[in-house]
Amino acid sequence: MCTTCGCGDSELVPVELHEKILAGNDRAARHNREHFLEAGVLALNLMGSPGAGKTAVLEATARAAAGKGWRLGAVSADLATDNDAVRLEKAGIPSKAITTGQACHLDAELVHRSLHGVAWQKTDVFFIENVGNLVCPAIYDLGQAANVVVLSVTEGEDKPLKYPTMFLAADLVLISKCDLIPHLDFDMASLEDALARVMPRPQVLKVSARTGEGMDAWVAWLAARRLEHGLVGKVAGLAAHVHPAAQPHGHGHGPGGHSHG
Amino acid sequence: MHEYSLVEALISRVEAEARRRQALGVHGLSVRIGELAGVDPELFQTAYDTFRAGTLCAAAPLTLRFVPASWSCPRCATPIPRGEVLRCQACQEPARLDEGSDALTLDGIDLEVP
Ligand SMILES: Nc1nc2c(ncn2[C@@H]2O[C@H](COP(=O)(O)OP(=O)(O)OP(=O)(O)O)[C@@H](O)[C@H]2O)c(=O)[nH]1
Ligand SMILES: [Zn+2]
Ligand SMILES: [Zn+2]
Ligand SMILES: [Zn+2]
Ligand SMILES: [Zn+2]
Ligand SMILES: [Zn+2]
């Protein structure tokens with residue numbers, strides 16, 4: 001019986017969907033990915049615990065990559081402040097804070113909106129510093145070319161086993177603050193063993209933002225990703241798809257192509 | 001607590017489907033959570049119970065199915081037990097995550113249609 005007007009029979013139909021709950025985010029992430037690759041930008045999603053050293057790694061990257069001639073840029077998620085963005089600017093990386101309020105992760109839509117305030121098309125390597133959190137940032141695709149997880153030597157060797165989803169998502173693990181190892185009861189072999197139990201192809205680099213140890217290998221890893229994504233030799237910022245508007249706008253991938261109103 | 005934003009996405013997807021089919025009501029939905037999806041089933045259920053009030057899902061029970069994560073060798077299909085090094089001892093191949101192990105999926109909705 002129709003419960004609204006009593007006009008006739010209604011029926012219960014099972015609708016099969018088998019659809020990812022994050023399908024909407026994945027669509028927005030694909031859109032971001034197109035932006036980045038069209039403009040010749042290598043975008044990286046940098047994740048890790050609060051205080052793992054994400055911002056410090058970026059500051060050190062500016063120093064280590066100086067000889068590369070790369071133009072760097074960043075957006076940085078911060079619950080309440082713009083401290084990280086200010087630090088990055090000082091280090092020579094044009095940056096903007098994404099104030100997330102209560103949110104414990106970035107999503108693709110937030111990243112897209114933040115792009116309107118930065119000259120990301122004019123960069124060669126663009127960092128998205130995620131919220132300090134080892135859980136949920138891992139499940140939101142932002143449109144990055146690769147995920148990098150920063151794990152400091154002060155956090156304990158068992159972190160990969162406790163947060164397997166994060167490490168499963170990682171294309172690279174940067175073991176940070178390695179200058180502290182002599183002062184700690186830290187066992188690198190046991191951390192590497194833990195990583196091998198949650199990542200089928202563990203890729204690991206040991207770095208210290210403080211001493212610069214390992215930073216050349218990290219810069220080489222970035223260069224290899226640029227090569228892998230066909231971004232070498234491209235002139236960034238000349239892509240047809242420009243993002244001049246600072247105000248919110250709709251995006252279409254309709255018959256008229258990708259339009260920005 | 002991203003379980004809340006996931007439930008928000010879930011409910012708006014269900015509401016869109018109900019509108020599209022001019023449904024009179026939503027009578028239930030089923031969701032599958034892989035062990036490595038990064039989602040806590042209990043928190044997800046709590047978030048759903050909090051959020052569904054006042055939505056088309058207000059009277060719709062949520063059926064959650066938990067999928068344990070499993071790994072296997074992509075070459076010889078030997079299962080690789082969880083907690084082991086993720087490499088096939090026989091083939092030296094890196095393990096492959098079996099389907100569903102890291103997925104968060106809306107499987108289906110029971111809709112009352114005219
Ligand atoms: N000894 C040492 N300390 C470091 C290193 N890198 C970062 N630190 C210290 O670790 C603390 C946190 O560093 P940040 O770079 O702010 O960490 P973060 O991951 O960006 O932190 P959030 O953005 O707040 O999550 C600071 O006090 C740094 O000085 C390092 O390589 N060696
Ligand atoms: Zn930071
Ligand atoms: Zn979150
Ligand atoms: Zn835009
Ligand atoms: Zn766009
Ligand atoms: Zn095998």
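If I filter the range A:32-48 for residues that are touching a residue at least 12 places away in the same chain (Cβ under 8 Å) and near ligand 1 (Cβ under 9 Å from one of its atoms), do I get at least one hit? The answer is yes, given that some residue of the range A:32-48 is touching a residue at least 12 places away in the same chain (Cβ under 8 Å) and near ligand 1 (Cβ under 9 Å from one of its atoms).
Residue pairs whose Cβ atoms lie under 7 Å apart, sitting 6 or more positions apart in sequence or on different chains, and linking a residue in the range A:139-166 that is open to solvent by 20 Å² or more (accessible area, probe 1.4 Å) and of a type outside the set (Phe, Trp, Tyr) to a partner that is part of a helix (DSSP H, G or I) and within 14 Å of ligand 1 (Cβ to nearest atom), are A:Thr154/A:Leu180. Among the residues of the range B:58-83, those identified as part of a loop (DSSP other than H, G, I, E, B) and either more than 13 Å from every other protein chain (Cβ to nearest Cβ) or not hydrophobic (A, V, I, L, M, F, W, C) (or both) are B:Ala58, B:Pro61, B:Pro68, B:Ser70, B:Pro74, B:Arg75, B:Cys76, B:Ala77, B:Thr78, B:Pro81, B:Arg82, B:Gly83.
Within the range A:60-87, the set of residues being within 16 Å of the chain's Cα centre (by Cα), of a type outside the set (Gly, Ala, Ser) and at pLDDT 95 or above comprises A:Thr61, A:Leu72, A:Val75.
Looking only at residues in the range A:86-134 that are open to solvent by 50 Å² or more (accessible area, probe 1.4 Å) and assigned to a helix (DSSP H, G or I), the one that is nearest to ligand 3 (Cβ to nearest atom) is A:Glu109.
Scanning the range A:70-85 for residues that are among the hydroxyl-bearing types (Ser, Thr, Tyr) and either open to solvent by less than 50 Å² (accessible area, probe 1.4 Å) or in contact (Cβ under 8 Å) with a residue 40 or more places away in the chain (or both) returns a single hit, A:Ser76. Residues being charged (D, E, K, R) and in contact (Cβ under 8 Å) with a residue 60 or more places away in the chain are entirely absent from the range A:180-198. Within the range A:6-53, how many residues are away from ligand 5 (no atom under 16 Å from the Cβ), open to solvent by less than 40 Å² (accessible area, probe 1.4 Å) and closer than 24 Å to B:Ala37 by Cβ? Of the residues in the range A:6-53, 12 are away from ligand 5 (no atom under 16 Å from the Cβ), open to solvent by less than 40 Å² (accessible area, probe 1.4 Å) and closer than 24 Å to B:Ala37 by Cβ. Residues in the range A:33-53 that are farther than 15 Å from A:Arg225 by Cβ, within 16 Å of ligand 3 (Cβ to nearest atom) and away from chain B (no Cβ under 14 Å): A:Gly48, A:Ser49, A:Pro50. Give the residue, chosen from A:Val111, A:Val57, that is at pLDDT 95 or above, more than 14 Å from chain B (Cβ to nearest Cβ), within 11 Å of ligand 2 (Cβ to nearest atom) and touching a Leu at 6+ places or on another chain (Cβ under 7 Å). It is A:Val57. Please go through the range A:42-78 and pick out each residue that is assigned to a loop (DSSP other than H, G, I, E, B) and out of contact with any Gly (no Cβ under 8 Å at 6 or more places or on another chain). Once the filter is applied, which keeps residues that are assigned to a loop (DSSP other than H, G, I, E, B) and out of contact with any Gly (no Cβ under 8 Å at 6 or more places or on another chain), the range A:42-78 yields A:Gly53, A:Ala65, A:Gly69, A:Trp70, A:Arg71.
Scanning the range A:184-219 for residues that are open to solvent by less than 30 Å² (accessible area, probe 1.4 Å) and within 14 Å of chain B (Cβ to nearest Cβ) yields a total of 7. The residue list A:Glu59, A:Glu11, A:Glu89 contains one member that is out of contact with any Phe, Trp or Tyr (no Cβ under 9 Å at 6 or more places or on another chain), without any contact (Cβ under 8 Å) to a residue 12 or more places away in the chain and under 25 Å from A:Thr211 (Cα atoms), which is A:Glu89. In the range B:49-76, the residues that are within 20 Å of B:Ser5 (Cβ to Cβ) reach residues that are of a type in the set (Ser, Thr, Tyr) with C-beta atoms within less than 9 angstrom, at least six apart or across chains, in these pairs: B:Thr50/B:Tyr4; B:Phe51/B:Tyr4; B:Thr55/B:Ser12; B:Cys57/B:Tyr48; B:Leu62/B:Ser30; B:Leu62/B:Tyr48; B:Leu64/B:Ser30; B:Leu64/B:Tyr48. If only residues of the range B:95-111 that are open to solvent by 20 Å² or more (accessible area, probe 1.4 Å) and more than 13 Å from the chain's Cα centre (by Cα) are counted, the one that is nearest to the other protein chains (Cβ to nearest Cβ) is B:Asp110.
Let's see how each residue does on (1) open to solvent by less than 70 Å² (accessible area, probe 1.4 Å); (2) part of a loop (DSSP other than H, G, I, E, B):
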residue: B:Val14; (1), (2): yes, no
residue: B:Glu42; (1), (2): no, no
residue: B:Leu56; (1), (2): no, yes
residue: B:Val85; (1), (2): yes, yes
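The values are calculated or read from the model by the stated rules, or taken from the named source; none is laboratory data. Keep in mind it's a predicted model, so treat the numbers as computed, not measured. So basically every Cβ, Gly included, is an ideal-geometry build from the backbone, and we count neighbours across all protein chains shown. In case anyone asks, the SASA skips ligands and DNA or RNA and just uses the protein heavy atoms, side chains included. Shrake-Rupley method; radii C 1.70, N 1.55, O 1.52, S 1.80 Å.
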